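Heads up, the thing below is written out as structure tokens.
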Amino acid sequence: MGMSPKRLVVVGGVAGGASAAARARRLCENCQIIIFERGPHVSFANCGLPYFVGGEIAEQDELLVQTPGSLKTRFNLDVRVNTEVLSIDRQARRVKVRESSGREYEEHYDALVLSTGASPLKPPIPGIDRQNHFTVRNIPDVEKIMNWSRGCERCRAVVVGGGYIGLEMAEQLRHRNFRVTVVEALPQVMAPLDPEMAAWLHAELRANNVDLHLNDPVAAFEAPTAAEPARASIVVLKSGRRLPADSVILGLGVKPEVGLAKNAGLEIGQRGGIRVNEHLQTNDPRIWAVGDAIEVRDVVTGQWSLIPLAGPANRQGRIVADNIFGRPRRYDGTLGTAILRLFKLSAGCTGANEKCLQKAGRAYHALHLHPNSHAGYYPGAEPIALKILFAPDTGRLLGAQAVGRDGVDKRIDVLATALKAGMTMNDLAELELAYAPPYGSAKDPVNLAGMAAQNVLAGDVRLAHWHELPVGDAVLLDVRRADERAQSFIPGSVHIPLDQLRFRLNELPRDKEIIVHCLSGQRSYYACRVLSQYGFRCRNLTGSYRTWQAVKS
Ligand code: FAD
């Protein structure tokens, strides 16, 4: 906007705010840049908080990426911690602030950046504020958890909410050998994943002795009755189940902190975040906003969304400073690329999932694969459960999810890059990716996904899906080897190993659809090619036995 502000004021000194201020300094050496932060710390590692609780990050100081002193020394930023911005007078271009001592004063701005973040949700469940109930947003929050947990041997923690903060906390509390229960209102944890992908996480939680209650919201937090063990709380679920807890971790999601913006008359969107344009500017041309507090465009669906993640907040901070200092730059929306480590599993996703494509009324194909993380003949290869969503007309990638013990992060990052670039399934099939046996395969999982999708787009194979089972009138054909079948099989299936198929076609009906499966969907694809060329009606069960089993267990 061609303005050269003399004084930039930033509200919120963590991910988005600190990024904006530091970048601003690099663009304007003689501006005054003030950061107001309500809490006692700036630029701390919120994403590291669970690992501090679990002891993987040993020292609290390691969470402090910067301090007011270091920001002053390196960037000449005027950082004022323990100072809350109370209101914005847009006419006079002044903010009113209050220090923790109670002293109030005003400060003028030429440009104002709001990076106020999002606060943990606390729905009005009876007893939610009982003692030893904790949220996890900042260092004071985890200090409270540490104080509680220091005095505890084999304590019982109930984590309410199976989002990534709840799951990271569950993992880290298990790491400290606490007894951990996770309670989730929905039938699955990790809402950004589709249910059959989240199912792997359920199994991993249970395998690590986390007690998991799905589809069962908390009705109340109560004091124990005389007949119950003397714990801090009893977590009462809608089903009537009563879970004794020495502490409760509330991981119920977050809501954008927009009070300041709202009271100043800035536009708030339907999703409850600050509404900004593609330059991250609010409806007041002197005020910009970034991070968890704003609504962003979901790149795939085009809809306004709340996607509270650190990557977008940090990048927006940089973009906003560029815009303020006369270098127009657009923020083109958020893909929601995210990853979680849960014990030995990693789960990552990017772009739209099947649930949101359905909600948005978008046509898509869904494909499941279980390729190895690297060449199967090299030790240590682990299968990756990979789900790809793509457009039937253009073949463009719409979203991807991956769960596995190895190689998940790299595939999700490649797919996120492909999504950002608007790549199609042909592009994925043709990506030239680094390969040697310890790292990947000559056909990388991402290539394989592209190739399998090409087969669908070319009409070479039609897909059936785990949620269509049992198959009703159709025949479910298992083409695995006899020894695989002997271990376990999908009820109602008939068995003809792939290598015998051509000689046993007369055992299959021509008037019914045949749904073929193997272990992962690859051999059943070969089978489908045989069957359809002999005139059978056939679909390949995508993801095959592995996906079915993940959902079933
Ligand atoms: P924040 O970083 O939350 O900063 C907002 C700051 O504004 C707060 O410190 C607040 O005190 C201050 N503030 C608010 N109102 C006022 C006011 N009126 N006056 C003064 N100050 C004010 N994201 C990932 O991508 N990956 C992860 O692994 C990950 N892990 C996370 C783990 C945890 C436990 C948490 C809590 C978050 C995690 N996140 C993760 C999310 C990530 O931390 C946020 O998306 C990111 O910090 C958002 O940046 P922000 O600047 O918008 O808000």
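The values are calculated or read from the model by the stated rules, or taken from the named source; none is laboratory data. These figures come from a predicted structure and were not determined experimentally. Please note: Cβ atoms are built from the backbone with ideal geometry, for glycine as well, and neighbour counts cover all protein chains shown. The protein model used for the area step is the full one, side chains on, heavy atoms only, and it has no ligands, DNA or RNA in it. Shrake-Rupley method; radii C 1.70, N 1.55, O 1.52, S 1.80 Å.
Measuring with a 1.4 angstrom probe and ignoring ligands and nucleic acids, Lys344 comes out at about 140 Å² accessible. When Thr417, Thr301 are compared by accessible area at a 1.4 angstrom probe, the order from most to least is Thr417, Thr301.
Here segment 405-523 is assigned +1 on the Cβ of each Lys and Arg and -1 on the Cβ of each Asp and Glu. Its dipole about the Cα centre then comes out at about 200 debye.
Going 7 Å from the Cα of Leu64 toward and past its Cβ, which residues in segment 1-34 have a backbone nitrogen under 16 Å from where you end up? It comes to 13-14, nothing else.
In order along segment 152-160, the Karplus-derived 3J(HN,Hα) couplings, from 6.51 cos²θ - 1.76 cosθ + 1.60 at θ = phi - 60°, round to 10, 10, 6, 5, 9, 10, 10, 9, 9 Hz, and Gly and Pro are given as x. At the listed q of 0.07, 0.10 Å⁻¹, the Debye profile of the chain, built from one uniform point per Cα, gives log10 I(q)/I(0) equal to -0.49, -0.92. In this structure the amide hydrogen of Leu476, modeled in the peptide plane, comes within under 5 Å of the amide hydrogens of Val494, Ile515, none closer than 5 places in sequence on its chain. Between segment 391-451 and segment 54-112, what is the separation of their alpha carbon centroids in Å? Measuring centre to centre over Cα atoms gives 42 Å. Taking a straight Cα-Cα cut-off under 12 Å and skipping sequence neighbours fewer than 8 places away in the same chain, the aspartates and glutamates within cross-link reach of Lys255 are Asp292, Glu295.
Rolling a 1.4 angstrom probe over segment 420-461 with all protein chains present gives an accessible area of which 51% lies on carbon and sulfur atoms. Karplus-based coupling profile of segment 456-472, in residue order and whole Hz: 5, 5, 7, x, 6, 8, 10, 9, 10, 10, 3, 6, 8, 7, x, 8, x, with θ = phi - 60° in 6.51 cos²θ - 1.76 cosθ + 1.60 and x standing for Gly or Pro. Annotation: amide H of Ser119 within the under-5 Å range of Lys255, Glu257, sequence separation 5 or more or interchain, hydrogens built in the peptide plane.
Of the residues Ala416, Gly380, Gln487, the one whose Cα sits farthest towards the positive end of the charge dipole of the chain is Ala416 (charges of +1 on Lys and Arg Cβ, -1 on Asp and Glu Cβ, taken about the Cα centre). On a straight-distance basis, which aspartates and glutamates could pair with Lys238 in a cross-link, Cα separation under 16 angstrom, same-chain partners fewer than 8 positions away excluded? Result set, ordered by chain and number: Glu184, Asp216, Glu222.
Annotation: Trp548 carries an accessible surface of approximately 40 Å², with a 1.4 Å probe and no ligand, DNA or RNA atoms counted. By the rule of a C-alpha distance below 21 Å, with chain neighbours fewer than 8 residues away ignored, the lysines paired with Lys262 are Lys96, Lys122.
Of the accessible area of segment 89-224, computed with a 1.4 Å probe over protein heavy atoms only, carbon and sulfur atoms account for 46 percent. Taking Cα centre as origin and charging only the Cβ of basic (Lys, Arg, +1) and acidic (Asp, Glu, -1) residues, the dipole magnitude of segment 281-354 rounds to 340 debye. Helices in the chain, meaning DSSP H runs of at least 4 residues, each add -39500 (n - 2.57). Divided by all residues, the mean residue ellipticity at 222 nm is -8000 deg cm²/dmol. The heavy atoms of Tyr439 offer some 150 square angstrom of accessible surface to a 1.4 angstrom probe.
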